[in-house]
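Chemist: So that we are looking at the same thing, I have put the structure below in structure tokens.
The values are calculated or read from the model by the stated rules, or taken from the named source; none is laboratory data. None of the values given here were measured: they were computed from a predicted structure. Here the Cβ is made from the backbone with ideal geometry for all residues, glycine too, and neighbour counts use every protein chain on show.
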Amino acid sequence: MNNSFRFYIFIILLFISFTSFAQNSITTVSGQILDQETSEPIPFASIYIKALPIGTTSNEEGYFVFHIPAERETDTIVISAIGYLSISKKGENFIPDQKVYLSSKITDLDEVILIATKKKELTAKEIVKKAYAEIPNNYPSQPYILEGYIRDLQKEDDKYVEYLECAAKFLYQGYKTKKEPHVELLEVRTSYLAEKHPWNENSERKNSIIDLVEDEFIRFDYGPIKGKNGWKFELENVLPYNKGQVYKITANHKPFQKATLFIDTETFAFVRMELTRQAINDRSWARRFTNGALQVYYNVIFEYQEFNGKMYLKYQKEEDTWKIFKEAESKKLLLTQYPKKELFINKIIVDNVEKYPFKRNMDIGTSIENQAKHYNAEFWSSYNIPKQTEGESKIISELKKRTDKY
């Protein structure tokens, strides 16, 4: 092999390597989303590429980091949040850590007239019933896959005892299927488990992911969405959302339950639903368990995003408060638990789902930390998750110290 031929081969290999790198390279867009009138941060806003099922979410302080394929940097990025008009901007036009302002003011007179008319047309209860009737049109009945980031934070009394972060894919069979989705566990980012109260030794520990996804208003058909069963509804407002509006409806089911529903004024799709159950003087809506556990607070949130004419889960949260007594019917309080679990969806897969290389590899009978592989820094360097807040960083640092101690 002569030198010129070797040089020719070298150039080809270099070109292939460069092309491969370019195809896999990432452009990162970052910033903070703020209210235009108050300059207050807007938490959990959506940041996504227009017409593509790729996105991320701002954190509780409004900050976001969005990793997109380099070849998509000329695409339009949309930023939206309930109660605000969305904005659109090409990825290449973002500057690092840019402040993005969203406005809640509707200035078009026709829109104001439209809103006033819609308020008079339907009662809150009628709006909810219509939204329930439109579920078959607004939510997917065919199999689909959601990919996202899960965060599990556990606190006992005033001490944090667990922090878990992982990425997973969820294979759903459509809104009619009541079963939990199949799960492919991708990677575990952080897993800190400090010493817990001895009561936990005799308590069954559930898999964090299954514990989170076993509930959902739409699939499991519960809560206030039917517009009946003792719920009282009130139309509180009509708010901007994306290029349209949503009804904001508050609901009460005394003595323990209240809810807030955001419903699209055109499609009548449920966009966001929040349900809170609160015990009164330790008199709970649920019975006390035989192991001494009593649930005194329960809060769930489900927020959806539209893609190809259907609504898919975007964000889910479950936050609880459990009082742990020495035994059933005992008044001796041992501790109070505060578990909080969140799911942030960053990708939707709807095409050729039956041929998609999905690996149902999660053991539902084993905790996530016991299924963790070695930390994959390359995976997490470009994976779309909410930016860590200062408070979360402090929790992790403290937990790491306590974990190392034990």
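Chemist: What is the residue count in region 370-395 for residues that are surrounded by 15 or more Cβ atoms within 10 Å (Cβ to Cβ) and over 30 Å from residue 69 (Cα atoms)?
Modeler: Residues that pass the stated criteria total 1.
Chemist: Are there any pairs, at least 6 apart or on different chains, whose C-beta atoms fall under 6 Å, with the first in region 373-400 and at negative phi and the second part of a loop (DSSP other than H, G, I, E, B) and modelled with pLDDT of 90 or more, and if so, which?
Modeler: Taking only residues 6 or more apart or on different chains, the pairs are 386/59; 387/59; 389/59; 389/60; 389/61.
Chemist: Pull up region 270-307, narrow it to residues that are of a type in the set (A, V, I, L, M, F, W, C) and in contact with an Asp or Glu (Cβ under 7 Å, 6 or more places away or on another chain), then point me to the one that is nearest to residue 122 (Cα to Cα).
Modeler: Of everything passing the filter in region 270-307, 271 is nearest to residue 122 (Cα to Cα).
Chemist: Look through 399, 313, 335, 343 and report the one residue that is crowded, with 16+ Cβ neighbours inside 10 Å, more than 23 Å from the chain's Cα centre (by Cα) and closer than 19 Å to residue 208 by Cβ.
Modeler: Result of the check over 399, 313, 335, 343: 399.
Chemist: Taking only region 281-310 into account, find how many residues are surrounded by 19 or more Cβ atoms within 10 Å (Cβ to Cβ) and within 14 Å of the chain's Cα centre (by Cα).
Modeler: 5
Chemist: Here's something else I'd like to know. Report whether or not residue 347 is at pLDDT 95 or above and among the basic types (Lys, Arg).
Modeler: Criteria met by residue 347.
Chemist: Still on this structure, I have one more. Of (1) more than 30 Å from residue 396 (Cα to Cα); (2) in contact with a helix residue (DSSP H, G or I) (Cβ under 9 Å, 6 or more places away or on another chain); (3) surrounded by fewer than 18 Cβ atoms within 10 Å (Cβ to Cβ), residue 195 satisfies all except one. Which?
Modeler: (1)
Chemist: Just for strands (runs of 3 or more DSSP E) wholly inside region 176-271: which have at least 1 residues that are touching a Leu at 6+ places or on another chain (Cβ under 9 Å), closer than 30 Å to residue 162 by Cβ and of a type in the set (A, V, I, L, M, F, W, C)?
Modeler: Counting at least 1 such residues, we get 182-193, 257-264.
Chemist: Assuming residue 341 fulfils every condition listed in (1) in a loop (DSSP other than H, G, I, E, B); (2) in contact (Cβ under 8 Å) with a residue 24 or more places away in the chain apart from one, which condition is it?
Modeler: The failed condition is (1).
Chemist: It is to be established whether one or more residues within region 188-209 are closer than 30 Å to residue 124 by Cβ and modelled with pLDDT of 90 or more.
Modeler: Taking every residue of region 188-209 in turn, none turns out to be closer than 30 Å to residue 124 by Cβ and modelled with pLDDT of 90 or more.
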